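Data block below; observations after.
The values are calculated or read from the model by the stated rules, or taken from the named source; none is laboratory data. Since the structure is predicted, the reported quantities are computational estimates derived from the model, not experimental observations. Positions of Cβ are backbone-derived with ideal geometry, glycine not excepted, and every protein chain shown enters the neighbour counts.
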Amino acid sequence: MDRSSPQIDVVRRFYDARGDLQVIRSVVAEDARWDIAEGFPRGGVYDGLDRIVGDFFGFLSEFEEFACLGDEFYEDGDHVVVLGRYVGVTTKGAAVSSRFAHFFTLRDGRITRLRQTSDTLPIARALDA
């Protein structure tokens with residue numbers, strides 16, 4: 001779906017950052033909270049942008065390539081829901097594709113919360129390969 005709103009545009013910038021910390025820091029609030037599904041690499045709750053970047057994003061070191069691809073975007077006020085796919089290749093050369101749903105909350109044009117759910121089994125299998 002090709003939807004657009006100021007809130008969706010912020011979330012799209014987050015996805016398009018592809019690990020660029022300058023862009024991520026420009027769209028994610030300092031007091032953000034990430035709630036990542038159990039079973040996902042480094043799943044758990046992360047409070048604050050520094051913990052999100054320093055602790056959670058460390059899982060990317062297990063991948064040669066990794067991307068979050070948003071397929072459908074839905075907005076309701078300060079909330080954006082994205083249905084999409086993780087795609088990547090692990091450092092061991094295993095390809096992976098896994099569906100996700102991301103539930104974002106925004107405040108003043110910045111992401112303050114991400115609640116993530118995903119099909120973690122394909123990622124776990126690829127990392128164990």
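Spot the failing condition for Glu65; the list is (1) surrounded by fewer than 14 Cβ atoms within 10 Å (Cβ to Cβ); (2) outside any strand (DSSP E or B), and only one is missed.
So Glu65 meets the others, but not (2).
Six or more apart or on different chains, Cβ atoms under 9 Å: show the pairs whose first residue is in the range 75-96 and touching a residue at least 60 places away in the same chain (Cβ under 8 Å) and on the phi > 0 side of the Ramachandran plot and whose second is surrounded by 13 or more Cβ atoms within 10 Å (Cβ to Cβ) and of a type in the set (Phe, Trp, Tyr).
Listed by first residue and then by second, the contacts come to nothing, as the list is empty.
Tell me yes or no: at least one residue of the range 116-127 is in a loop (DSSP other than H, G, I, E, B), of a type in the set (Asp, Glu) and touching a Lys or Arg at 6+ places or on another chain (Cβ under 8 Å).
yes
Being in a strand (DSSP E or B) and either closer than 19 Å to Val87 by Cα or more than 14 Å from the chain's Cα centre (by Cα) (or both) is the filter here; which residues of the range 18-44 pass it?
Matches in the range 18-44: Ala29, Glu30, Asp31, Ile36.
Filter the range 1-17 for residues that are in a helix (DSSP H, G or I) and either in contact with a Ser or Thr (Cβ under 8 Å, 6 or more places away or on another chain) or of a type in the set (D, E, K, R) (or both) and give the result.
Asp9, Arg12, Arg13, Asp16
For the range 45-60, which positions are aliphatic (A, V, I, L, M), buried (at least 18 other Cβ atoms within 10 Å of the Cβ), within 29 Å of Gly93 (Cα to Cα) and more than 12 Å from the chain's Cα centre (by Cα)?
Within the range 45-60, none qualify.
Of Arg12, Arg3, which residue is exposed (fewer than 13 other Cβ atoms within 10 Å of the Cβ), in contact (Cβ under 8 Å) with a residue 60 or more places away in the chain and among the charged types (D, E, K, R)?
Going through Arg12, Arg3 in turn, just one is exposed (fewer than 13 other Cβ atoms within 10 Å of the Cβ), in contact (Cβ under 8 Å) with a residue 60 or more places away in the chain and among the charged types (D, E, K, R): Arg3.
Which members of the range 27-43 meet the condition of being touching a helix residue (DSSP H, G or I) at 6+ places or on another chain (Cβ under 9 Å) and at pLDDT 95 or above?
Once the filter is applied, which keeps residues that are touching a helix residue (DSSP H, G or I) at 6+ places or on another chain (Cβ under 9 Å) and at pLDDT 95 or above, the range 27-43 yields Val27, Val28, Ala29, Glu30, Asp31, Ala32, Arg33, Trp34, Ile36.
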